[in-house]
Ligand code: 5AD
Ligand code: SF4
């Protein structure tokens, strides 16, 4: 896999999220949300759309003619803010066209770029009406209502920055999931301060949602049709949410509490830090069958010198030991990872240690990046910045290895029988697409009614688009993988 989990600035562009809600105000207005970045942002965009529905805003998939445009930004990539500014330049034309026709359009910038560069946005893009950091979405309805009343529109623009706890407390409950596999944010922020990363600065300190809130939202998602829940957090295995007993619960206990929800068949979580992978969570991979045998566990580098400079808090051998423990608990667990090549000071020998670690562990999927200096992070000021050509060469070599591991893993699936959770129709008539326990996309012939059920498939082929399989028996919805 060459695309990155948090990069795909283009991943969900122009995605039409949220749904029309019955009721609401008589006047239907439209909101267009453009989402950059990770699943966390996709989730936030969906929630913003939901909180705007009672004000009469219906989501649309194109900006033309929309009453309200939200640009939900991601800061992790190089030039992220420049991309946001050029996007805003394009939206400005929509706003002007609208004004020329006697109409009105609001533009809001949200997410991590808003948090990090809010003042700059308000200065450089005077046509932006509102800037909101990631923890302030519950205030959207109030702010939009104020804007609509022209209290703040134009001259009096809005910029907010609120404490993290406020967000989850005040968002209204969601009314069901739209998808078979639903994301549920349980944790936000990060205290790790890897020297290359902006997340601790943009998303702030770690915060975990209380267990009761997570359970209630999960039950609602399942009532809305979700069969799989993916627990999300920047550092999800650092989860320490307040339990019903008042004590902090770890992710393992949260998983055990979610597992009995009737109708839920699968659980996953992402993204984890190796230093927070404790014995109990590892044991959950052995003891909770519906916890899928797949783990995204970024290692970043195989060289201890570089891991230290990255402030990763683990060595290459720590990672190897951890993988051995995971495989002892769940022998078929599939591992995915993130890598950075060309971190400041990385020598050819350091890079070869990364290749060696990849060769030893064997990843079924991976995201790899050239190091890109992020303003404000310690690594951006380090000596020994690596030339672009060297980074490109190392990235290409690493990706050849990772791609070959992924292809080999998919090939060895051919002939196996595995439970596949059917998620959506495929490209061809009569074709459905689902996911294997190891997160592989699997195509098969099945009726539309199979969506949401888990069927046993014998895998017959592996190609660039994923796997293909034929049903061997239908399993009921309650059968877990
Ligand atoms: N340069 C390159 N890659 C980065 N990542 C985070 N910050 C940077 C950076 N400055 C990668 C890491 C992380 C993933 C989400 O993005 O590999 O795990
Ligand atoms: Fe960034 Fe490191 Fe935190 Fe991951 S663990 S979000 S890479 S600081």
Qualifying residues in segment 98-125 (those that are at pLDDT 85 or above and assigned to a loop (DSSP other than H, G, I, E, B)) - the one surrounded by the fewest Cβ atoms within 10 Å (Cβ to Cβ): 125
Residue count for segment 251-273, restricted to those that are out of contact with any strand residue (DSSP E or B) (no Cβ under 9 Å at 6 or more places or on another chain) and either crowded, with 21+ Cβ neighbours inside 10 Å or assigned to a loop (DSSP other than H, G, I, E, B) (or both): 5
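If you check residue 221 against the conditions, is it touching a helix residue (DSSP H, G or I) at 6+ places or on another chain (Cβ under 9 Å) and either touching a residue at least 12 places away in the same chain (Cβ under 8 Å) or within 25 Å of residue 50 (Cβ to Cβ) (or both)? Before you say what the answer is, go through the steps one by one.
On the way: touching a helix residue (DSSP H, G or I) at 6+ places or on another chain (Cβ under 9 Å): no; either touching a residue at least 12 places away in the same chain (Cβ under 8 Å) or within 25 Å of residue 50 (Cβ to Cβ) (or both): yes.
Considered against the rule, which asks whether it is touching a helix residue (DSSP H, G or I) at 6+ places or on another chain (Cβ under 9 Å) and either touching a residue at least 12 places away in the same chain (Cβ under 8 Å) or within 25 Å of residue 50 (Cβ to Cβ) (or both), residue 221 comes out as no.
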Options 295, 281; residue that is free of Cβ contacts under 8 Å to residues at least 60 places away in the same chain, away from ligand 2 (no atom under 14 Å from the Cβ), surrounded by 19 or more Cβ atoms within 10 Å (Cβ to Cβ) and part of a strand (DSSP E or B): 295
Residue selected from segment 182-205 under the condition more than 16 Å from the chain's Cα centre (by Cα) and more than 8 Å from ligand 2 (Cβ to nearest atom), by the criterion surrounded by the fewest Cβ atoms within 10 Å (Cβ to Cβ): 205
Residue count, segment 316-350 (criterion: over 26 Å from the mean Cα position of the chain (by Cα) and within 16 Å of ligand 1 (Cβ to nearest atom)): 4
Of the criteria (1) at pLDDT 80 or above; (2) not in a strand (DSSP E or B), which one residue 182 fails: (2)
Segment 194-214, subset out of contact with any strand residue (DSSP E or B) (no Cβ under 7 Å at 6 or more places or on another chain) and away from ligand 1 (no atom under 12 Å from the Cβ), residue nearest to residue 260 (Cα to Cα): 212
Lone unmet requirement of (1) modelled with pLDDT under 95; (2) farther than 22 Å from residue 263 by Cβ; (3) part of a loop (DSSP other than H, G, I, E, B) for residue 472: (3)
Any hit, segment 400-423, residues being modelled with pLDDT under 95 and crowded, with 18+ Cβ neighbours inside 10 Å: yes
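Can you name every residue in segment 361-379 that is exposed (fewer than 15 other Cβ atoms within 10 Å of the Cβ) and either near ligand 1 (Cβ under 7 Å from one of its atoms) or more than 15 Å from residue 398 (Cβ to Cβ) (or both)? So that I can check it myself, show each step before the final result.
Filtering segment 361-379 down to residues exposed (fewer than 15 other Cβ atoms within 10 Å of the Cβ) leaves 362, 373, 375-376.
Once the filter is applied, which keeps residues that are exposed (fewer than 15 other Cβ atoms within 10 Å of the Cβ) and either near ligand 1 (Cβ under 7 Å from one of its atoms) or more than 15 Å from residue 398 (Cβ to Cβ) (or both), segment 361-379 yields 373, 375, 376.
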Residues of segment 380-395 that turn out to be surrounded by 14 or more Cβ atoms within 10 Å (Cβ to Cβ) and either at positive phi or part of a helix (DSSP H, G or I) (or both), as a count: 6
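The values are calculated or read from the model by the stated rules, or taken from the named source; none is laboratory data. Keep in mind it's a predicted model, so treat the numbers as computed, not measured. Every residue, glycine as well, gets a Cβ built from its backbone with ideal geometry; the counts of neighbours run over all protein chains shown.
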